[in-house]
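A.B. asks: Starting off with a structure, shown below.
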Amino acid sequence: MAYVATRGGERAIEQSERLFREEMGSFDRERVEEVKKGLPYLIDRVMGEASLYDEDLAALALAQTGGELYEAVLLLRAWRTTQPRLQVAEPIEQDSLFTHRRISAAFKDIPGGQVLGPTLDYAHRILATDVLQGVSYAPDPVEPATNPSPAYQPSVSAWQAENDLLDSPAEDPTKGNDIPDLTREPLLFPSKRAHTLQSLARAETGGVLALGYAAMRGYGQAHPTVNELRLAEAEIAVTHPDGRQFSAGRVKVSQAEVVDKKGEKLGIGFAATFGWNEVKCIAAATLDLNSPSAEKGSATEEEFFLYHTEGVESSGFCIHFKLPHYVTFQSSLDAMRDAKAKKAAKAREPAE
Amino acid sequence: MSLSTLTKPWEAMSYGFLDGSAKRELRRKMLKSVAVPGCQMPYASREVPMARGWGTGGLQVSLTLVNPQTRVKVIDQGADDSVNAASIRRFIARVAGTPTTMDTLEADLIQSRHRIPEEVLREDQVLVLQVPNPEPLRPVQPNMSIARQMHADADYGRMWLQLYEQIVRSGRVMQGASYPSLVHGRHVMTPSPIPRWDVPKLHMAEHLTILSAGREKRIFAVPPYTRVEPLVFSDVPYKVEEHGHLTCTRSGTKGFFMNEVPQDDGSSAFEVSDSEWGVKTIRARDGIGESRGETWYKDGEMPQ
Amino acid sequence: MLAPPAPSLAETRDNIAFDALLWALSRPGLPRDLPEPGEGSIITALLDRECLVYSADPLLMPEIMRTGAELADIGKADHVFLGAMTTSDSLADIAIGSDYYPDDGATVIIRASIGSGPAIGLVGPGVDGVVTPQLDGLPDGFWKARAARLRYPMGFDLFFVDGARVVGVPRSTTIEEI
């Protein structure tokens, strides 16, 4: 039978996957540990975009995909979606965050103080090429402060609200299971507030940055001032079926508030995500700040930026163009040829 | 309430990969999409172990419908051996233990990208079409909220205008695949990027068709015996691709949708797009046995 | 790779029940078999904690509650179990969705006798020409009350359950009383 090459496809896809995996070779728990220990900020980024907080699984996903970030996030999302939702944790207030870093660009000093915490902001970005010569890189030890800053800090916007500089968003009484969950419901517009924040929390960092940057450069109406940026750990408080509340552990979170003058008061944009990822939070908060006044179809309109910063969807669609499209192409060719033939026939008609 | 009422015994993977809540949501939405033919119903669309845009919407529907007896056929561009079809078929069999087939007549469920098989589907078969973009209005209105309002108002004026402009400019409707069609006289739907050749197969068919866009999170359906009418002007009739006269160079079959294969000498050869139809034709020619079923097109024409 | 996971008994039951529901709604008026008599398999195949449910039949409550679904007023419910109906009044309150989101129209499950009583003529998607099933045990004026609520694509979708048999009538179906 001349036609039957039907198994060829299956063999080809299997071998192509083997080729990809060959480069990483075999790996074990040790490599996963190494990834986890050596690349915490990458782990954070992946956990945020996957909306799944588990450093071991994130490290495993990175090891398994050879650091193909979109693939790693997809792997984690696909795993996450099969897990039962057992409990909804208690809401977390800003002043209950165990804070490592907290800065405000809006004031020289703020109640609770500016806390620089861990950052490369003031580091000189010089590549430590010595390491390649065999010298090991040993960072200088941290010297503890004589006056440690308090671990729990009030929010800057709370002070501004007290001083009538901004209107705090109305308290949302929705609790527990009633809080809309983006992973269980479709995103529809105008978007529910919970969906917007969840969507930004798991947005792709580069995508959020690109659109947020466009807004910052002037394609948005509002110009952000970083009111407060925080890197912290949050206690996950859940309720046991017997009624007792307990902590299921702490997770790293980052959040940003950005503000801009809006009439006589300040407008505020907010974003938070799993892990420590400052760029994403500032960019996402900027989009949030801009969205109320955004024109339909502009980059700062909610529908526009939420759809287009969804990393799993956008990357998947991008690579799907590699799939064969010869049927649709054939169909277009047919229409083109027919139109051309019609034109030619018309040209041959004698003028009346 | 206790933890055990909230949980279930540990399984490495749920049957059919999707968990119970994902399946129930899809079931609810499938019923609604059958109840309002051609109307896009939003659904949560879970992530599956496949990239978005690669058939995740169709896959979620298939995984919800199958049981270990469901015989599954998967095609891409009409071919069972296309790499992505092979990958999806392997995945469904791997997570749901379903038997697979390439024979359209043997299949209980057919998941397809961009084609409807040439053999007539029966009432006991379900066709699941993968959909990249569920919104037929997108070329005239990229904003989904506005497009939804237009569907709500049955406001298809801009759609008609676009088709009219094409006729004025090019002498014909230039839409290739994904030809917008009016379903049950109410909702304009994209039939997914099937060629124009395949759209009449949806009209008053015996089988149920479910169309699902995973990335865009929309599901819609064409129940059996439902009107599916391509948008046309009364004086410019609907035209399928001119493939009715073409002959497949490999199997000799004639009168079906073909793939054009450019040749070194500058000419084109043609191969039948429905690969299993080609295989069956070759088998019949070689005297191995007749397994071809009835086809929608007869002598290169759709009857009626 | 491990062997394919085997379906649990619950999965099998829900799968069969949904197959019946999907088939029945796709072919209005033609009966199909549920895996077991009564509404039970419909409840587990469709409902969970994302759903708002109204039930006129108190006997169904425990099973509905076990799915995690929330009980709601009839006008808010996405799934409505009317049991054996005595009047058509409740149809007046069932959610019909909006033009914007027709999927917000409810799914309604009613007990009736299939194959006896007055015949009705069904026309519309899923029907080859016309089908004329017999349905008994519905209150007077049922079909008029239904017609009064439908504003296609807004409306609600009906399943009639008789033992283990189910008949579907989606909102797209036009009814003629014969």
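Quick note: the coordinates plus some simple rules give every number you see, no bench work behind them. Computed from a prediction, not measured in an experiment: that's the story for all the values here. Here the Cβ is made from the backbone with ideal geometry for all residues, glycine too, and neighbour counts use every protein chain on show.
A.B. asks: Please list, by residue number, every one of the trypsin sites (Lys or Arg not before Pro) in region A:210-255 that is coil in DSSP and has at most 14 other beta-carbon atoms within 10 Å. Intermediate results must be reported in sequence, preceding the final value.
C.D. replies: Working: sites: A:Arg217, A:Arg230, A:Arg244, A:Arg250, A:Lys252; in loops: A:Arg244.
Listed in order of number, the matching sites are A:Arg244.
A.B. asks: Tell me the GluC sites (Glu not before Pro) within region A:84-187 that lie in a loop according to DSSP and have at most 12 other beta-carbon atoms within 10 Å.
C.D. replies: Sparse-neighbourhood loop GluC sites (Glu not before Pro): A:Glu93, A:Glu171.
A.B. asks: Going by the alpha-carbon gyration tensor, a ≥ b ≥ c the square roots of its eigenvalues, is chain B rounded (a/c under 1.5) or, if a/c is not under 1.5, prolate (a/b greater than b/c) versus oblate?
C.D. replies: It is oblate, given that a/c is not under 1.5 and a/b is not larger than b/c.
A.B. asks: Taking the Cα centre of region B:20-227 as origin, sum charge times position over the Cβ atoms of Lys and Arg (+1) and Asp and Glu (-1), and report the length of that vector in debye to the nearest 20.
C.D. replies: That gives region B:20-227 a dipole magnitude of about 660 debye.
A.B. asks: Once phi is turned into θ = phi - 60°, what whole-Hz ³J(HN,Hα) does the Karplus curve with 6.51, -1.76 and 1.60 give for every residue of region A:127-132, x standing for Gly and Pro?
C.D. replies: Each residue of region A:127-132 in turn: 5, 7, 5, 3, 4, 5 Hz.
A.B. asks: Let me ask something additional. Ranked highest first by the average count of other Cβ atoms within 10 Å around their residues, in what order do B:200-207, A:125-132 fall?
C.D. replies: Top of the packing list down: B:200-207, A:125-132.
A.B. asks: Using the Karplus curve 6.51 cos²θ - 1.76 cosθ + 1.60 with θ = phi - 60°, work out ³J(HN,Hα) for each residue of region B:123-130 in order, rounded to whole Hz, and write x for Gly and Pro.
C.D. replies: Result, ordered by residue: 5, 8, 10, 10, 9, 10, 9, 6 Hz.
A.B. asks: On a full-extension model of 0.36 nm per residue, what is the gain between A:Glu295 and A:Ala347, subtracting their alpha-carbon distance, rounded to one decimal in nm?
C.D. replies: On the way: separation 52, 0.36 × 52 = 18.72 nm, distance 4.60 nm.
Result for the pair: 14.1 nm of gain on full extension.
A.B. asks: Further question on the same structure: Within chain A, what's the longest run with no chymotrypsin sites (Phe, Trp or Tyr not before Pro) in a DSSP loop and at most 10 other beta-carbon atoms within 10 Å? Give the range, please.
C.D. replies: Formally, the longest exposed-site-free interval is A:138-320.
A.B. asks: Further question on the same structure: Just grab the label-to-label distance for C:Lys144 and A:Met336, each label 7 Å out from Cα along the Cβ direction, in nm (one decimal).
C.D. replies: Reported label-point gap for C:Lys144 and A:Met336 is 6.2 nm.
A.B. asks: What helices in chain B pass both tests, a Cα length along the helix axis of 18 Å or more and a mean Kyte hydropathy of 0.5 or higher, using whole DSSP H runs? Could the numbers behind the result be given before it?
C.D. replies: Numbers: long enough: B:20-35 (23 Å, -0.84); B:83-96 (20 Å, 0.69); B:157-170 (19 Å, -0.34).
Taking the DSSP H segments of chain B (at least 18 Å long, mean hydropathy at least 0.5), we get B:83-96.
A.B. asks: Just for region C:48-174, what percent of DSSP beta bridges are antiparallel, to the closest 5? Can you show the working numbers first?
C.D. replies: On the way: 12 of 27 bridges.
Bridges in region C:48-174 that DSSP calls antiparallel: roughly 45 percent.
A.B. asks: Hey, another quick one. How high is the FRET efficiency between A:Phe98 and C:Glu36 when r is their beta carbon distance and R₀ equals 51 Å, given to the nearest 0.05?
C.D. replies: Numbers: r = 53 Å, r/R0 = 1.04.
So the FRET efficiency works out to roughly 0.45.
A.B. asks: Return the FRET efficiency for the residue pair A:Ala123, A:Glu162: r is the Cβ-Cβ distance, R0 is 41 Å, and the value is rounded to the nearest 0.05.
C.D. replies: Calculated value: 0.70.
A.B. asks: For a paramagnetic label modelled at 7 Å from the Cα of A:Glu235 toward its Cβ, which residues of region A:119-152 fall within the zone defined by backbone nitrogen distances under 14 Å?
C.D. replies: It comes to A:151-152, nothing else.
A.B. asks: Here is a further query. As I understand it, the dipole of region A:197-346 uses +1 on the Cβ of Lys and Arg and -1 on the Cβ of Asp and Glu, about the Cα centre. Which of A:Leu323, A:Ala283, A:Leu209 lies farthest toward its positive end?
C.D. replies: A:Leu323
A.B. asks: If one takes the longest principal axis of the Cα atoms in chain C, at what angle in degrees, from 0 to 90 and to the nearest 10, does the Cα axis of helix C:9-26 lie?
C.D. replies: Relative to chain C, helix C:9-26 is tipped by roughly 20 degrees.
A.B. asks: Give me a single rounded figure for A:167-177: the average over its residues of other chain Cβ atoms within 10 Å of their Cβ.
C.D. replies: Averaged over the peptide's residues, the number is 0.
A.B. asks: Is region A:10-80 best put as rounded, prolate or oblate by its Cα gyration tensor, with a ≥ b ≥ c the root eigenvalues, rounded for a/c under 1.5, and otherwise prolate when a/b is larger than b/c, oblate when not?
C.D. replies: Judged from the Cα gyration tensor, region A:10-80 comes out oblate (a/c at least 1.5, b/c at or above a/b).
A.B. asks: If you don't mind, there's one more thing I want to ask. Considering only DSSP beta bridges with both partners in the protein assembly as shown, what is the antiparallel share in %, to the nearest 5?
C.D. replies: Values: 71 of 102 bridges.
Just about 70 percent of them are antiparallel.
A.B. asks: Note the angle between two axes, namely the Cα long axis of helix A:8-24 and the longest principal axis of the Cα atoms of chain A, as a number of degrees from 0 to 90, rounded to the nearest 10.
C.D. replies: Rounded to the nearest ten degrees, it is 30.
A.B. asks: Then there is this: Using amide H atoms built 1.01 Å from N in the peptide plane, name the residues 5+ places from A:Val253, or on other chains, whose amide H lies under 5 Å from its own.
C.D. replies: A:Ala232, A:Glu233, A:Ala234, A:Gly275
A.B. asks: Using Cα pairs under 8 angstrom and six or more residues apart, how large is the relative contact order of region C:74-178, in percent?
C.D. replies: It comes to 31 percent, rounded to a whole number.
A.B. asks: Where the centre of each part is set by its Cα atoms, how far does region A:196-210 sit from region A:212-281, in angstrom?
C.D. replies: 12
A.B. asks: Using +1 on the beta carbon of Lys and Arg, -1 on that of Asp and Glu, and nothing else charged, what's the dipole of chain A about the Cα centre, debye to 20?
C.D. replies: Roughly 1240 debye for chain A.
A.B. asks: Right, another one. Mind checking B:191-198 for the average number of partner chain beta-carbons within 10 Å of each residue's beta-carbon?
C.D. replies: Taking all residues of B:191-198 together, the mean is 3.
A.B. asks: Let me ask something else. On average, how many beta carbons from a partner chain sit within 10 Å of the beta carbon of a residue in C:95-108?
C.D. replies: If you average over the peptide's residues, the count of other-chain Cβ atoms is 4.
A.B. asks: Assign one of three labels to region B:42-167, namely rounded, prolate or oblate, based on the Cα gyration tensor with a ≥ b ≥ c the square roots of its eigenvalues; rounded applies when a/c is under 1.5, prolate when it is not and a/b is larger than b/c, and oblate otherwise. The partial results should precede the final answer.
C.D. replies: On the way: a/c = 2.40, a/b = 1.87, b/c = 1.28.
Note, shape of region B:42-167 comes out prolate.
A.B. asks: Once amide H atoms are placed 1.01 Å from N in the peptide plane, what residues at a sequence separation of 5 or more from B:Leu105, or on another chain, have their amide H within under 5 Å of its amide H?
C.D. replies: Amide H neighbours of B:Leu105: none.
A.B. asks: Please find the FRET efficiency linking A:Thr174 to B:Gln69, where r is the Cβ-Cβ separation and R0 is fixed at 51 Å, and quote it to the nearest 0.05.
C.D. replies: Once rounded, the FRET efficiency stands at 0.70.
A.B. asks: Taking the simple approach of a point 7 Å from Cα along Cα-to-Cβ for both A:Lys322 and B:Glu165, what is their distance in nm?
C.D. replies: Output for this residue pair reads 3.5 nm.
A.B. asks: Once phi is turned into θ = phi - 60°, what whole-Hz ³J(HN,Hα) does the Karplus curve with 6.51, -1.76 and 1.60 give for every residue of region B:294-299, x standing for Gly and Pro?
C.D. replies: Once θ is set to phi - 60°, the couplings for region B:294-299 become 5, 10, 5, 7, 10, 6 Hz.
A.B. asks: Let me check against my output: what whole-number percent is the relative contact order of chain C, with C-alpha pairs under 8 Å and at least 6 apart?
C.D. replies: Relative contact order here is 26 percent.
A.B. asks: Also, quick follow-up: Rounded to whole Å, give me the distance from the Cα center of region C:60-139 to that of region B:253-291.
C.D. replies: When both Cα centres are located, 49 Å separates them.
A.B. asks: Report, to the nearest 10°, how far helix A:205-214 tilts away from the longest principal axis of the Cα atoms in chain A, using its own Cα long axis and a range of 0 to 90°.
C.D. replies: That works out to roughly 90 degrees.
A.B. asks: Rounded to the nearest 20 debye, what is the charge dipole size of the protein assembly as shown about its Cα centre when +1 sits on each Lys and Arg Cβ and -1 on each Asp and Glu Cβ?
C.D. replies: Approximately 1260 debye in magnitude.
A.B. asks: As a footprinting exposure proxy, order A:Leu231, C:Leu60 by other Cβ within 10 Å, with the fewest listed first.
C.D. replies: Ordered from fewest to most neighbouring Cβ atoms within 10 Å, A:Leu231, C:Leu60 come out as C:Leu60, A:Leu231.
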